[in-house]
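Read the structure below first, then the notes.
Derivation of every value follows stated rules applied to the coordinates shown; laboratory data play no part. This is a predicted model, so every value here is computed, not measured. Heads up, the Cβs are rebuilt from the backbone with ideal geometry, glycines too, and the neighbour counts pull from every protein chain shown.
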Amino acid sequence: MEHYFGAHTIDNGGIHMAVRRAANAGMRAMQLFSAIPKYYGDKVSIRGERVERFRQAIAPTSIALERVVVHAAYVLNTATPIPEQWTRARDGLAKELERSTMLGVGQVCFHPGAATDDDRDAAAERIAAAIVHALEKVPTTTRLLVENTAGAGRTMGRTPEEVGLILRHVPANLRPRTGYGLDTCHLFASGFDLRESPSAAPRLLDEFEKATGEPPRFFHLNDSDGALGSNRDRHMLIGEGKIGAEAFRWLLADARTRGVPLILETPQLNTEVGDDDDAPDPYDVRMMELLASLVG
């Protein structure tokens, strides 16, 4: 199997333009938002013409639909004990899965949220209940995946054990449609030192696999502005943060990074790119070249 690198590209002009920018950077995977990520999106559907533009844009590229990740809204706190907030988060997650299913993409990832009452066991059950609701409401092959977190405050999903606890509450018949992915910045910010040695990343992946029963379904490849264990979720270009490029070389040597989307969520240079400009972002081009050299 191969490494499939991509990024969360700028979608000025629409998600079809994000696809064209990704393809023009030589990507074979990508990530996008299907709706504005600062809102719940629990009542937002996706228009047919938007789906068609996306499908037409991606068809001639080397980006297979199964290697496209949709990132759910940041505000969806499926761990909250507050009933009204949980219901909106649950419904927002289901609506995201519906929109992503219309697009035909391989997976949706989401941040599980925060246990604001400090009952982490109950929070894990609530997160799983939201996953179950979405999977039962939307029959689809699009996977719904938990993303590990940087561990700030009361956020859930910082450790292998917490990710495993969430997934254990999903019934066996639905488990093939869910899973998890790992963000390198979040791992580092949570205290997992990927720089320690060439065996550090494989050992950590072993821990996640033991806790969940499966390998990650995607990776977010981000360097970290914050120090080890800082719980600071600030992404940097690979090689320009506290993790450094060599740790990514060691991670990418593990077979579990092959055959799944490997997505950069690193800074973009041209955030104000014109709606009709499909030129790849220079930072993305540089990162694609760097990643190719790390596995070459």
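Taking other Cβ atoms within 10 Å as a rough exposure proxy, Ile63, Ile46, Ile243, Ile131 sort from fewest to most as Ile46, Ile63, Ile243, Ile131.
Checking (i) 1.02; (ii) 1.25; (iii) 0.94 against the coordinates, the calculated Cα Rg over 2.2 N^0.38 Å falls under label (iii). Its DSSP H runs of at least 4 residues, each contributing -39,500 (n - 2.57), put the calculated 222 nm mean residue ellipticity of the chain at -11500 deg cm²/dmol, to the nearest 500.
Indicate the gyration tensor shape class of the stretch 88-147 (rounded, prolate or oblate), computed on the Cα atoms with a ≥ b ≥ c the square roots of the eigenvalues: a/c under 1.5 is rounded; otherwise a/b larger than b/c is prolate and the rest oblate. Taking the square roots of the gyration eigenvalues as a ≥ b ≥ c, the stretch 88-147 is prolate. Listed by Cβ neighbour count within 10 Å, with the fewest neighbours leading, Met287, Met30, Met102 appear as Met102, Met287, Met30.
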